[in-house]
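S.K.: Can you keep this structure in mind? I'll have questions shortly.
The values are calculated or read from the model by the stated rules, or taken from the named source; none is laboratory data. Quantities reported herein were computed from a predicted structural model and do not represent experimental measurements. Counting neighbours? That spans all protein chains shown, and the Cβs are built from the backbone with ideal geometry, glycine included. Only protein heavy atoms, including side chains, enter the accessible area calculation; ligands, DNA and RNA are left aside. Shrake-Rupley method; radii C 1.70, N 1.55, O 1.52, S 1.80 Å.
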Amino acid sequence: FNVPPAAIRAAVQRHPGAHERIDLVFLWPSLAPPTADGQAAAKASSADGRDAAPVPRTDDRVFVTIAGLGAVLAPVVRLRTIYPRYIEAQAAAGPDGLAILPFRAGTPYEGEDLVYLAEKPEEFFALCSRPIRTVPGTCIQERSLDAAEVTLRFSREWLQDWRNVAAGFDRLVAQLHAAGN
């Protein structure tokens with residue numbers, strides 16, 4: 001993997017060489033690492049209408065973890081064999097061809113939905129938390145790449161434009177794992 005140092009989230013991981021796991025962050029939709037100060041901020045207004053300190057945003061970022069696959073089942077295998085054990089019986093229609101399948105209460109995935117492309121689930125699927133009060137929903141998409149698992153965490157709101165999100169993730173993974181690296 002070819003990782004831009006500015007994208008590394010944990011200072012302890014900012015050294016050359018092999019890592020068991022590395023945590024990254026990229027701005028969306030540019031797929032560039034955040035600025036050196038780590039801010040991609042929106043201005044907040046104080047009660048008297050003056051500008052307050054910038055508020056850090058996370059809805060404009062994709063968080064990426066790269067780790068060895070190890071003994072963990074590949075994501076597509078989990079899609080076919082594990083998740084069906086815990087889902088509700090009926091999927092709801094989602095945006096632009098997606099299906100949304102809630103997990104049953106009392107299961108390890110309670111409070112989450114399996115979101116997938118209805119005709120070809122292996123082509124696009126993610127586990128997504130449901131928004132609760134002021135906490136927005138987030139989605140996790142996992143991909144196997146050689147002996148590594150790449151986990152992408154993003155805002156559930158991005159599912160409205162999932163095709164562009166999936167294409168952006170393809171570009172990001174290709175950028176991180178260019179042929180010949």
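S.K.: Could you say whether any residue in region 46-55 is in a loop (DSSP other than H, G, I, E, B), within 30 Å of G68 (Cβ to Cβ) and at pLDDT below 90? Break it down stepwise before answering.
M.R.: Of region 46-55, the ones in a loop (DSSP other than H, G, I, E, B) are 46-50, 52-54.
Add one more test, that the residue is within 30 Å of G68 (Cβ to Cβ), and what stays is none.
Scanning region 46-55, I find no residue that is in a loop (DSSP other than H, G, I, E, B), within 30 Å of G68 (Cβ to Cβ) and at pLDDT below 90, so the answer is no.
S.K.: A follow-up question, please. Run down G111, G94 and say which single residue is on the phi > 0 side of the Ramachandran plot and open to solvent by less than 80 Å² (accessible area, probe 1.4 Å).
M.R.: On the way: G94 fails: on the phi > 0 side of the Ramachandran plot.
Testing whether each residue is on the phi > 0 side of the Ramachandran plot and open to solvent by less than 80 Å² (accessible area, probe 1.4 Å) leaves just G111.
S.K.: Considering only region 79-91, state which residues are open to solvent by 30 Å² or more (accessible area, probe 1.4 Å), within 20 Å of T151 (Cα to Cα) and not polar (S, T, N, Q). Let's see the steps before the verdict.
M.R.: Taking region 79-91 first, the residues open to solvent by 30 Å² or more (accessible area, probe 1.4 Å) are 80-82, 84-91.
Filter again for within 20 Å of T151 (Cα to Cα), leaving 80-82.
R80, I82 - these are the residues of region 79-91 that are open to solvent by 30 Å² or more (accessible area, probe 1.4 Å), within 20 Å of T151 (Cα to Cα) and not polar (S, T, N, Q).
S.K.: Additional query: In region 117-125, is there at least one residue being of a type outside the set (D, E, K, R), free of Cβ contacts under 8 Å to residues at least 24 places away in the same chain and closer than 27 Å to R21 by Cα?
M.R.: no
S.K.: If you don't mind, there's one more thing I want to ask. If you go through region 114-131 one residue at a time, how many are open to solvent by 30 Å² or more (accessible area, probe 1.4 Å) and among the aromatic types (F, W, Y)? Even if it seems obvious, please write down each step before you answer.
M.R.: Keep residues of region 114-131 that are open to solvent by 30 Å² or more (accessible area, probe 1.4 Å), which gives 116, 118-123, 129-131.
From what's left, among the aromatic types (F, W, Y): 116.
Summing the residues that are open to solvent by 30 Å² or more (accessible area, probe 1.4 Å) and among the aromatic types (F, W, Y) in region 114-131 gives 1.
S.K.: Just need a number here: residues in region 132-181 that are touching a Ser or Thr at 6+ places or on another chain (Cβ under 9 Å), more than 15 Å from V76 (Cβ to Cβ) and either open to solvent by 10 Å² or more (accessible area, probe 1.4 Å) or free of Cβ contacts under 8 Å to residues at least 40 places away in the same chain (or both).
M.R.: Qualifying residue count, region 132-181: 8.
S.K.: Limited to region 12-44, what total is found for residues that are modelled with pLDDT of 75 or more and not in a loop (DSSP other than H, G, I, E, B)?
M.R.: Total meeting the criteria: 9.
S.K.: Turning to a different aspect of this structure: Is it true that A105 is more than 18 Å from the chain's Cα centre (by Cα), in contact (Cβ under 8 Å) with a residue 40 or more places away in the chain and open to solvent by 20 Å² or more (accessible area, probe 1.4 Å)?
M.R.: Values: more than 18 Å from the chain's Cα centre (by Cα): yes; in contact (Cβ under 8 Å) with a residue 40 or more places away in the chain: no; open to solvent by 20 Å² or more (accessible area, probe 1.4 Å): yes.
Answer is no for this residue.
S.K.: Pairs only if they're at least six apart or on different chains, beta carbon under 9 angstrom, first in region 73-96 and within 25 Å of W158 (Cα to Cα) and modelled with pLDDT of 95 or more, second assigned to a helix (DSSP H, G or I) and among the aliphatic types (A, V, I, L, M); list them, first residue then second.
M.R.: The qualifying pairs are G94/L159; P95/L159; D96/L159.
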